[in-house]
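Right, one structure below, let's go through it.
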Amino acid sequence: MRYVPLDTPKPISKIGLGTWQFGSREWGYGPDYEQRAAQIVRRALDLGVTLFDTAEIYGFGRSERILGAALGEDRAKVVVASKIFPVLPLAPVVQQRAVASAARLGVAGIDLYQVHQPNPVVADTTTMRGMRALQDVGLVGEVGVSNYGLRRWRFAEAALGRRVLSNQVRYSMVDRGPEKDLIPYAEQAGRIVIAYSPLGQGFLSGRYDARNPPAGAVRRANPYFLPENLERGTELIATLREVADAHDATPSQIALAYLLRHPNVVAIPGASGVEQMERNAAAAEIDLADDEHAALVTAAHAFRPVTGLAAVPQLIRARTRK
């Protein structure tokens, strides 16, 4: 495992574990997944993973409970990250919700506490006042944000009066927006971009095509999995396979390695089983050659999916057929 080259109280692994699936029925993993979740966490620890990300909204608290129980006595050794869903995120509310998350996780302090998304009405001034109070009493170590643009990330940091260590955003080879400004800022300022959905929710795995679409409510709602977009992604997947063959790796591992080439980027893919966790962790060790990276960049830029309003009629038809 490799780690982010920053001065943090605990090392932050370049591959973390995202736990949106833990306790969330919409992923369709079935009732036995809670037991598997514990096995995944234990194996992640063995592999040197130190960043475990959850949120109060995941399974309405169940994800935090499952993760905390699975970590057990190792909770103090790793970076436990959670997020507040910002419904009326006034300072007292932020403090109350952090206490509740810490209790569900079974920790004395949350290593990284993040604002799940920007609130369009409540300014970060009051939210960060609550975060600062949590840091002052030792309940929160580092503060982070999620789904923030660069301007609001910097404003949040000014409001906190301390570093806002991380910004957790959707980032993958098919969602490359953070490369424009967030990643350059993180590298310049000594901050971290945490990439969620780093495999495009499985689009980049090569497991799916127009004849074999994914199941599960989350993926069915993702326009990337429309038959037309699966067809349009054929060349991108072919390039991933070609590079993967040169490294005796999988397309998913190469897609992760593409992100991790940035020193201040951490990826937090989920895992449906221990084997997938092992493959994800191994991706941190892959070094892409310059020509391989260039080929991946070219293939990623050539992918032009149907998204936004143009995708809505097809999404409705796809849901209706289910």
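Go through the residues of segment 44-59 one by one and say whether even a single one is at positive phi and in contact with a helix residue (DSSP H, G or I) (Cβ under 9 Å, 6 or more places away or on another chain). Taking every residue of segment 44-59 in turn, at least one turns out to be at positive phi and in contact with a helix residue (DSSP H, G or I) (Cβ under 9 Å, 6 or more places away or on another chain).
Residues that are modelled with pLDDT under 80, in a helix (DSSP H, G or I) and either among the aliphatic types (A, V, I, L, M) or surrounded by 11 or more Cβ atoms within 10 Å (Cβ to Cβ) (or both) within segment 264-316 comprise 309, 310, 311, 312, 314, 315, 316, listed in sequence order.
Conditions (1) modelled with pLDDT under 90; (2) open to solvent by 60 Å² or more (accessible area, probe 1.4 Å); (3) closer than 19 Å to residue 198 by Cβ; (4) not small (Gly, Ala, Ser), marked per residue:
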| position | (1), (2), (3), (4) |
| --- | --- |
| 1 | no, no, yes, yes |
| 14 | no, no, yes, yes |
| 19 | no, no, yes, yes |
| 35 | yes, yes, no, yes |
| 40 | no, no, yes, yes |
| 44 | no, no, yes, no |
| 49 | no, no, yes, yes |
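Residues in segment 161-176 that are on the phi < 0 side of the Ramachandran plot and either open to solvent by 40 Å² or more (accessible area, probe 1.4 Å) or of a type in the set (Ser, Thr, Tyr) (or both): 162, 163, 166, 170, 171, 172, 176. Return the residue satisfying two criteria in turn: it lies in segment 141-190 and is among the small types (Gly, Ala, Ser) and touching a residue at least 40 places away in the same chain (Cβ under 8 Å), and of such residues it is farthest from residue 203 (Cα to Cα). Among those residues, the one meeting the criterion is 141. Screening residue 40 on (1) part of a loop (DSSP other than H, G, I, E, B); (2) of a type in the set (Val, Ile, Thr); (3) under 16 Å from residue 269 (Cβ atoms) shows it passes everything except condition (1).
Of the residues making up segment 225-263, those that are in contact with a strand residue (DSSP E or B) (Cβ under 9 Å, 6 or more places away or on another chain) and not charged (D, E, K, R) are 227, 230, 233, 234, 237, 255, 256, 258, 259, 260, 262.
Among the residues examined, residue 191 does not qualify as open to solvent by 10 Å² or more (accessible area, probe 1.4 Å), at pLDDT 95 or above and over 19 Å from residue 8 (Cβ atoms).
The values are calculated or read from the model by the stated rules, or taken from the named source; none is laboratory data. Bear in mind the structure is a predicted one, so any value in this text is a computation, not a measurement. Here the Cβ is made from the backbone with ideal geometry for all residues, glycine too, and neighbour counts use every protein chain on show. Heads up: the accessible areas ignore ligands, DNA and RNA and are worked out on the full protein's heavy atoms, side chains in. Shrake-Rupley method; radii C 1.70, N 1.55, O 1.52, S 1.80 Å.
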